[in-house]
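J.: One structure coming up, written as structure tokens, with questions to follow.
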Amino acid sequence: MPAPTSVTINVDGRDLQVPAGMNLIDALEHHGIEIPHYCYHPKLTVAGNCRMCLVETGMPMKDRATNQFIIEPDGRMKIGWGPKPAVACTTNCTTGLHVRTGSPLVKDCQQGVMEFLLVNHPLDCPICDQAGECKLQEFATDYGRGYSRFVEEKNVKPKRTRLGPRVTLDDERCILCSRCVRFCSEVAKDDVLGFIDRGSYSTLTCYPGRELDNNYSLNTVDICPVGALTSTDFRFKMRVWFLKSIPSICTESSVGANTEVWSREGKIYRITPRENNAVNDCWMADSGRELYKSVESPSRIDFFAVDNGKCIADKALNRATELLQAGGVGYIGSAQSSVEEQFLLWQLVKAEPGPVSLISHTRKGDGLLISNDATPNLRGAFLTSLLRELPKADINDLREKVNTGVIKTLFVVHEDLSALGFSEDLLRRVQIIYLGTHANATSNHAQVVLPGLTVFEKTGSFVNQQWRAQRFFQAVPGPAGTAPDIQLLSQLVARVKKVTASTAVSPASLWTELAATVPALAGWTWESLGSSGRVLDASAWAHISFSEGKSLHFDPAAITSVATG
Ligand code: SF4
Ligand code: SF4
Ligand code: FES
């Protein structure tokens, strides 16, 4: 017989349907009942060490002589309550389980645990970086006694200990829950953290000769329930209640980890993972958290230019249109561009045809959240038909065509031609229209520069390695002088086609066109991508050969893979 998928348990006198075998913390959370906890984390093994989740549990009693349930005079089953409270994180739901979450005994336990946790705690929330998102602070308010009976001298532990290049430990705030220890060992596969000494003197530290330097170290900061582990980059830069968070997608790999971008008044302060159990659980790589710094890079392009002179947008777009209409055009697309941008580039190429090459960047993945493909949207190019229906060329073909004068103008999106084997001489011999965000050799040689936006400054979608289309949203405005890539591309399409450009181009409007153009997306809308993405049916991409072994292989071979750092 298959095991029942749900069982009925009784919580504080109320019958609830819960998944069979699920632990009490998770099961009750589904019903909006909070069991306070510190050491339990749904993505880690259960340690059961903090004792914050204590509840009373009982089961219906049976008469040993008859094996029948004992019925009380009021008609209810008699419950045999355990002699001691039980930890909810190790208690699994079974039929008939009875739970008390707010009895006097449970409240006494919670107050006792809170009192012990705070015995040596500094209690300086006003100057603590975790204030505003601290479980110790929240539970002390909700489940604590409200005052301390501890009058002795506190045991002072080390402060500002460097655990690794990105993580700083404030030991006196640590409640020894071991979440960080388990994360490193179980998820990052880097068993680097542990405790030394005993009792009140227990201290979190790295193993001798080691540092917490794996590429997932900042996830320990996210899951630390208190202010013990802090991001060296973010600590004491901004109070969290001043920050707003916007859902985004990490662009450093085709995994497409879901993220939150935290900003205030147009400035980004940090990136944290956003839970998507189908993609990245609730983790992300440290390297992806640094990417926002490119927004304020000194090499940022924040002006339109023609022949190296700053100009207004109209002049640059008109000059780009002239160059495109003069013929002999080649295109270099980017796997960094969003689905919507690739779709518009496809429209531009159809209006003013020329060979297209798409550049992918590769490096050795780590088997976790870093894939061999170092770009977020290679598959989006196929989805939008950029490579399927257009004249294709690999980068060597394009170089040769520039060399022989067949290609007179190159429209380059984000890529740097010098990194693709174009010599200075070749760069001088071709006219370049560059749409990008940061200066490079290509923008320096470009006849026309169109200043686009980074992923943090625009809204769009990427298709990740699972062929899951996922949305990202604008977190901060772009610098003055820049414009959304979709506006620049749609303006160019309209000028080349000699039609009036839509003033209301948006990801939503482009998805309406995509649904009407791409058979695999028929019926899809921008909204239908939801908050965790939507997976493309395999029939839409099964004919495309992608293999991400030691290197990337693609068919059609119009993609040029460039090894990156
Ligand atoms: S860790 Fe939490 S409870 Fe402790 S000082 Fe910081 S904010 Fe307050
Ligand atoms: S540093 Fe934070 S996550 Fe690690 S054991 Fe201490 S309280 Fe728990
Ligand atoms: S959550 Fe720590 S003992 Fe249950």
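J.: From the list Thr91, Thr95, exactly one residue is exposed (fewer than 14 other Cβ atoms within 10 Å of the Cβ), more than 22 Å from Thr220 (Cβ to Cβ) and away from ligand 2 (no atom under 16 Å from the Cβ). Which is it?
T.: Among Thr91, Thr95, only Thr95 is exposed (fewer than 14 other Cβ atoms within 10 Å of the Cβ), more than 22 Å from Thr220 (Cβ to Cβ) and away from ligand 2 (no atom under 16 Å from the Cβ).
J.: Does Ala47 satisfy the criteria of being in contact (Cβ under 8 Å) with a residue 40 or more places away in the chain, within 14 Å of Ile25 (Cα to Cα), out of contact with any strand residue (DSSP E or B) (no Cβ under 7 Å at 6 or more places or on another chain) and within 16 Å of ligand 3 (Cβ to nearest atom)?
T.: In short, yes.
J.: On to the next question. Of the conditions (1) of a type outside the set (Ser, Thr, Tyr); (2) farther than 17 Å from Tyr38 by Cα; (3) assigned to a strand (DSSP E or B), Val55 satisfies every one except a single condition; which number is it?
T.: It fails just one condition, (2).
J.: Answer yes or no: is there a residue in the range 139-159 that is within 15 Å of ligand 2 (Cβ to nearest atom) and under 26 Å from the mean Cα position of the chain (by Cα).
T.: no
J.: Moving on to the next point. Please go through (1) away from ligand 3 (no atom under 16 Å from the Cβ); (2) buried (at least 18 other Cβ atoms within 10 Å of the Cβ) for Ile223 and return the number of the only condition it doesn't satisfy.
T.: All conditions are met except number (1).
J.: For the range 141-167, what are the residues that are crowded, with 21+ Cβ neighbours inside 10 Å and outside any loop (DSSP other than H, G, I, E, B)?
T.: Across the range 141-167, the qualifying residue is only Val167.
J.: Give the range 26-52 a look and list any residue that's over 25 Å from the mean Cα position of the chain (by Cα) and either more than 16 Å from ligand 2 (Cβ to nearest atom) or of a type in the set (D, E, K, R) (or both), or say none.
T.: Ala27, Leu28, His31, Gly32, Ile33, Glu34, Ile35, Arg51
J.: May I pose another question? Select from the range 126-140 the residues that are closer than 29 Å to Val192 by Cα, of a type outside the set (A, V, I, L, M) and assigned to a helix (DSSP H, G or I) and list them in ascending order.
T.: Correct list: Lys135, Gln137.
J.: I need a count of the residues in the range 69-95 that are farther than 20 Å from Cys109 by Cα and aromatic (Phe, Trp, Tyr).
T.: Counting residues in the range 69-95 that are farther than 20 Å from Cys109 by Cα and aromatic (Phe, Trp, Tyr) gives 1.
J.: Another one. Hey, among the residues in the range 223-235 that are more than 12 Å from ligand 1 (Cβ to nearest atom) and either of a type in the set (A, V, I, L, M, F, W, C) or in contact with a Phe, Trp or Tyr (Cβ under 8 Å, 6 or more places away or on another chain) (or both), which one's nearest to Cys50 (Cα to Cα)?
T.: Ile223
J.: Hey, another quick one. What are the residues in the range 449-463 that are touching a strand residue (DSSP E or B) at 6+ places or on another chain (Cβ under 6 Å) and in a loop (DSSP other than H, G, I, E, B), if any?
T.: Result: Gly452, single match.
Where a number appears in this text, it was derived from the coordinates with a stated rule and is not lab data. Just so you know, these numbers come straight off a predicted model, no measurement behind them. Cβ sites come from the backbone with ideal geometry, for glycine too, and all protein chains shown count toward neighbours.
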